[in-house]
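First up is the structure itself, then whatever we jot down about it.
Laboratory data are not the source of any read-out in this text; all were calculated from the coordinates shown. Everything numeric in this text was worked out from a predicted model, so none of it was measured. Don't worry about glycine lacking a Cβ; one is built from the backbone with ideal geometry, like all the others, and counts go over all protein chains shown.
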Ligand SMILES: NC(=O)c1ccc[n+]([C@@H]2O[C@H](COP(=O)([O-])OP(=O)(O)OC[C@H]3O[C@@H](n4cnc5c(N)ncnc54)[C@H](OP(=O)(O)O)[C@@H]3O)[C@@H](O)[C@H]2O)c1
């Protein structure tokens, strides 16, 4: 099989190399998939830059999701048949023409879903669904701040919060993304490259506060956000994009790390607020039934039209560096997918 292997940290043009590898064998609880397309996630950028501690040692095949057809099924997998079109969450290994993953991480999809739409559902929509519907259960009328709202997870969170009847404050950089957020129904788009988001919320929200914050930026974005929570408020931290461009083991990285702030449980208790972390890799490892529940619901909600993933770019595998650069340079909207 072919695999786009991460061979060294650095620029996308030199970090990946196309290699021939043996097709992996599957166990009783696993499925072998012939891959049509794999999705990109910001974690791949972090891995490429050497900023992702969960990434396997190099050389490594990264990637969290594939769209394709079932080639073979382990004896314990009963919900799929050979030849079925599927989307699957993978624990790395997705940048390849054949992939083995757990049966519980594979869900059948209709033929009319494009590769981009299906790929978006695996990691980005699953992360949003887990955080906003499984962990938090957003309620109508809640004021929700979503950072990087025009991105992959961001778009999913916006659609979920909209579906739940929340009032949405969404941050993004640049005019094109702000226009996109308006199209998505974000009530208060905030261009945080031009405007301090704290001041914007203090002006736009009736009491200057919000109920829920989804933060994938990290650093002082979290510390500032904590001040915006009203009683009963929740901060969900699920990323640290701010670390992407900092040199590894540098003063800048240390200061961004400290920028998150330090929180004593008594402080959270006194204000009656909560700080939550999400890592879908840990959920996949330790709660595979929960991952399956999220993926099945994301596919169902997409079939019902509640979820409408935006596909911001479809690339051929030879253009992988350009696809990664689009994501890294903050130019992408929605999902980026790469086809074989
Ligand atoms: N914890 C988990 O299990 C989990 C799962 C999936 C994703 N994530 C995290 O969720 C976030 C979104 O992932 P995604 O795949 O959907 O990516 P994405 O949102 O499509 O792309 C990342 C976006 O982050 C924003 N950003 C803010 N500061 C940035 C910086 N310093 N450098 C680069 N981008 C910056 C950019 O949007 P603006 O230009 O609009 O700011 C950029 O477009 C990432 O931080 C990712 O690591 C976590």
Quick one: give the max-minus-min coordinate of the C-alpha atoms of region 264-333 along each principal axis, largest first, in Å.
52, 31, 26
Among bridges DSSP assigns within the chain, what percent are antiparallel (round to 5)?
55
Mean separation of Cα pairs under 8 Å and 6+ residues apart, divided by the residue count of the chain: what relative contact order is that in percent?
18
What is the gain in length, in nm to one decimal, between residue 296 and residue 191 on full extension, counting 0.36 nm per residue of separation less the C-alpha to C-alpha distance?
34.4 nm
Sort 201, 146, 273 so that the residue with the fewest other Cβ atoms within 10 Å of its own Cβ comes first and the one with the most comes last.
273, 201, 146
What do you get for the angle between helix 288-303 and the principal long axis of the chain? Use alpha-carbon atoms, 0 to 90 degrees, nearest ten.
80
Among rounded, prolate and oblate, which fits region 139-278 when a ≥ b ≥ c are the square roots of the eigenvalues of its C-alpha gyration tensor, a/c under 1.5 means rounded, and a/b larger than b/c means prolate?
oblate
Once both label points are put 7 Å beyond Cα along the C-beta direction, the residue 253-residue 175 separation in nm becomes 3.7
Using only the Cα atoms of region 15-144, build the gyration tensor, take square roots of its eigenvalues as a ≥ b ≥ c, and label the shape rounded, prolate or oblate: rounded if a/c is under 1.5, else prolate if a/b is larger than b/c, else oblate.
oblate
For region 269-308, just run the numbers: alpha carbon Rg, then divide by 2.2 N^0.38 Å, N being how many residues it has.
1.63
Starting from one equal scatterer on each C-alpha and no solvent at all, send me the Debye-based log10 I(q)/I(0) for the chain at q = 0.12, 0.14, 0.15 Å⁻¹, two decimals.
-0.83, -1.12, -1.27
Tell me what the chain gives for mean residue ellipticity at 222 nm when only DSSP H runs of n ≥ 4 count, each as -39,500 (n - 2.57), the sum divided by the residue total, rounded to 500 deg cm²/dmol.
-8500 deg cm²/dmol
Just to verify a number: FRET efficiency for residue 18 and residue 198, C-beta to C-beta distance, R0 = 45 Å, to 0.05?
0.50
